[in-house]
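Engineer: Here it is, the structure, as structure tokens.
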Amino acid sequence: MSDQIERERASEQTLSLLEEATREHKNNPDDPKRLTDLYITFWAKYGQIIGKICTVDTYPLGSREIREGIKKEQRDIFKPANVSLVDLGRMFPKMGGWAVAEGNSVVDTINNSGWLRIEASVDAPNRNTTQGQLEEKFRKERKQGQSLRTYIIGGQTSKLLTDKYFDQGINWSRLPGSCRGGRVLDSRFHSVGSLYVYSHLHPGYRHEFIGGRSEEVIKP
């Protein structure tokens, strides 16, 4: 019983620290220290749920670079290399679904970790594009297609900071960084936190409600 009480106390403490770090970041969104602190506490909280330690590096850029990203509806996130889709499914059980279950068939063709800059608008950016158009756009911008792990972390961060998940309305995001059976994934969140993931879109299909997201590694 005492071990259970200690675990509950530790969980309450990390939740309190995350709430404080979230407030500080929202009040100072371009402060590199506040950004680092946010992800230290974020991964302490959710790593604790599954008994995994997630080390967070110090954010490598300055306030000006953060502001530049914010203007473009981009967000800088920290993605630990040791957190898998199954880990994320256990950390955020509301998501459910095959893509975060044991034995899932997701293949990441992009395996970035550390500090990433991602397209982070709630509604999918780059809508009404084919897969080829989307990938060509990212190549020209020297970016990569977002992977499902990045999408999940970005979506959970979006919920924390804006109270909305990615694509929780009617939009879907193509994720060129992940595939199943050789076909690129498309995904969206429901407003209650459920995650929907498919690989049924034909590469040439386009629609006003279907977009796609990119990621790029942040370098000092």
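Engineer: Pop the C-beta distance of Ala101 and Ala81 into the FRET formula with R0 = 22 Å and round what comes out to the nearest 0.05.
Structural biologist: 0.55
Engineer: Which of rounded, prolate or oblate describes the chain when judged by the alpha-carbon gyration tensor and an a/c cut-off of 1.5?
Structural biologist: In terms of gyration-tensor shape, oblate.
Engineer: Name the shape class, rounded, prolate or oblate, that the alpha-carbon gyration tensor gives for the range 101-220, where a ≥ b ≥ c are the square roots of its eigenvalues, rounded holds for a/c under 1.5, and otherwise prolate holds if a/b is larger than b/c and oblate otherwise.
Structural biologist: rounded
Engineer: Do any GluC sites (Glu not before Pro) in the range 172-218 lie in a loop, going by DSSP, with at most 10 other beta-carbon atoms within 10 Å of their beta carbon, and if so which?
Structural biologist: Answer by residue number: Glu208.
Engineer: For the pair Asn111 and Ile53, what calculated FRET efficiency results from E = 1/(1 + (r/R0)^6), where r is the Cβ-Cβ distance and R0 = 22 Å, to the nearest 0.05?
Structural biologist: FRET efficiency, Ile53 to Asn111: 0.65.
Engineer: Counting other C-beta atoms within 10 Å, which of Ile170, Ile40, Ile118, Ile70 has the fewest, and how do the rest follow?
Structural biologist: Ile170, Ile70, Ile40, Ile118
Engineer: Here's another thing I want to ask about it. Shape of the range 19-130 from its Cα gyration tensor (a ≥ b ≥ c, root eigenvalues): rounded if a/c is under 1.5, otherwise prolate when a/b > b/c, or oblate?
Structural biologist: oblate
Engineer: Can you say what percent of the DSSP beta bridges in the chain, counting only those with both residues inside, are antiparallel? Round to 5.
Structural biologist: Of all bridge pairs located within the chain, approximately 90 percent are antiparallel.
Engineer: Right, next: Determine the calculated [θ] at 222 nm for the chain from helices alone, applying -39500 (n - 2.57) to every DSSP H run no shorter than 4 residues and normalising by the residue count; nearest 500 deg cm²/dmol.
Structural biologist: About -12500 deg cm²/dmol.
Values quoted throughout were computed directly from the atomic coordinates according to the rules given, and no laboratory measurement underlies them. Fair warning: this is a prediction, and the values are worked out from it, not measured in the lab. Here the Cβ is made from the backbone with ideal geometry for all residues, glycine too, and neighbour counts use every protein chain on show.
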